[in-house]
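The values are calculated or read from the model by the stated rules, or taken from the named source; none is laboratory data. As the structure is a computational prediction, the values presented were derived from the model and not from experiment. All Cβ positions, even for glycine, are placed from backbone atoms using ideal geometry, and neighbour counts span all protein chains on display.
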Amino acid sequence: MRTVAWADGVVRMIDQKRIPWALEVVDLPDHHAVAAAIADMTVRGAPAIGAAAAFGVALAAHTSSATDLATLRAELRAAAQTLKESRPTAVNLAWAVDKMMALAAQDGYASAQALRDALREAAQRIADDDVHINQRMGAHGQALIQDGDTVLHHCNTGALATVDYGTALGVIRAAHEAGKRFHVLLDETRPRLQGSRLSAWELEQLGVSYDILPDTAAGYYMQRGEVKLVLVGADRVASNGDFANKIGTYQIAVLAKENGIPFYTVAPTSTVDLNIASGADIPIEERDPAEVTTPYGNALVPAHFKARNPAFDVTPHRYLSGIVTENGIARPAFTESLRRALAGEAL
Ligand code: MRU
């Protein structure tokens, strides 16, 4: 089952807030509900929210009663704005919405209905492409994993973070499907616990050997020589290779370098933002402090205790051994290798 899909005039998605306790799907009737589901992380992970937003634009067209193209386009512009504002860091969201709006702006639609049909097909293509791209990244990246390795992973980058298959966890899945035997250490990933709730749930089903770690234990296992490789995802990669990913990624990158461990991010080219020169330009989302003090409604401390909750951090490119893309593994200097990857060249 796909993480997000179009189903008879609604956007259907797995409710990731309920996993691993329940596998529930929600049907969203309009683009406002899609934007709310992105904001409250019913759907999360950069490629998954990109696909959800693309379906959100298609849904805005589907639910509109506009009978002429100009009215429909005006409504779509408002919907695009609402969807883009739902979360700021992952560039896949803006990338997908911009792609849909560029299509909507094209000439040649015979009617408002023709534009509606084209948008639904385009959103479906974005979703289908995501799965194929992840499988290609898996094929390139699995060469990094050897029999007997222990791989450290942060957050959730699997089927749930994408339409299906996954990015960094997709590489782990591809290595497993290739018959390699290895172990995965999953950072639990406070405060939303994407590692312990979502990645462990996925590896359970795939039959990949894993242990959940408190985030604070990653350095301990690296220092003991138990970690051979670090794989993470990305929410936005700047043209110089600096990248934003789940909070805690930066400290893992520094510890990996200190301990001489290869550190890779796995990201489709839709996560690369060539419009920004460095990570300093990436907007970082700050979420509700209640996610820290009261995760999933469980009060860890009294309600009036203060907290901060940055959702992402930026890792400078000097910590990266490489970026696994669908076109191959980009290596330093990233300005050049990423430009080639985005031009569709095989790396
Ligand atoms: O806040 P989240 O759960 O949406 O953050 C997700 C991540 O940081 C992932 O590592 C990233 O989106 C890449 S997932 C393929």
(request) Provide a single number: the residues in the stretch 80-138 that are over 15 Å from ALA70 (Cα atoms) and among the aromatic types (Phe, Trp, Tyr). (result) 1
(request) Being surrounded by fewer than 18 Cβ atoms within 10 Å (Cβ to Cβ) and within 16 Å of the ligand (Cβ to nearest atom) is the filter here, so list the residues in the stretch 271-287 that pass it. (result) PRO283, ILE284, GLU285, GLU286
(request) Out of the residues in the stretch 174-188 that are among the small types (Gly, Ala, Ser) and surrounded by 21 or more Cβ atoms within 10 Å (Cβ to Cβ), state the one that is nearest to the ligand (Cβ to nearest atom). (result) ALA174
(request) Among the residues of the stretch 239-252, count how many are more than 22 Å from ARG287 (Cβ to Cβ) and in contact with a strand residue (DSSP E or B) (Cβ under 7 Å, 6 or more places away or on another chain). (result) 1
(message) For the stretch 54-86, which positions are farther than 20 Å from GLY108 by Cβ, buried (at least 24 other Cβ atoms within 10 Å of the Cβ) and of a type outside the set (Phe, Trp, Tyr)?
(response) ALA54, GLY56, LEU59, ALA60, ALA79, LEU83
(message) Which residue is farthest from the ligand (Cβ to nearest atom), if the candidates are limited to the stretch 33-85 and must be touching a strand residue (DSSP E or B) at 6+ places or on another chain (Cβ under 7 Å) and either at pLDDT below 95 or not in a helix (DSSP H, G or I) (or both)?
(response) THR42
(request) Among what's in the stretch 128-173 and is of a type in the set (D, E, K, R) and within 12 Å of the ligand (Cβ to nearest atom), pick the residue that is surrounded by the most Cβ atoms within 10 Å (Cβ to Cβ). (result) ASP130
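Listed here are the residues, each with its yes/no results for (1) away from the ligand (no atom under 16 Å from the Cβ); (2) modelled with pLDDT under 95; (3) among the β-branched types (Val, Ile, Thr); (4) assigned by TED's automatic domain parsing to the domain that holds THR189.
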position	(1), (2), (3), (4)
THR216	yes, no, yes, yes
TYR221	yes, no, no, yes
GLU226	yes, no, no, yes
VAL230	no, no, yes, yes
GLY233	no, no, no, yes
LYS257	yes, no, no, yes
ILE261	yes, no, yes, yes
(request) Would you please name the residue that is nearest to ARG87 (Cα to Cα), looking only at residues in the stretch 16-32 that are surrounded by 16 or more Cβ atoms within 10 Å (Cβ to Cβ) and in contact with a strand residue (DSSP E or B) (Cβ under 7 Å, 6 or more places away or on another chain)? (result) LEU28
(request) Could you look through the stretch 240-254, keep only residues that are part of a loop (DSSP other than H, G, I, E, B) and more than 14 Å from the chain's Cα centre (by Cα), and pick out the one that is nearest to the ligand (Cβ to nearest atom)? (result) GLY248
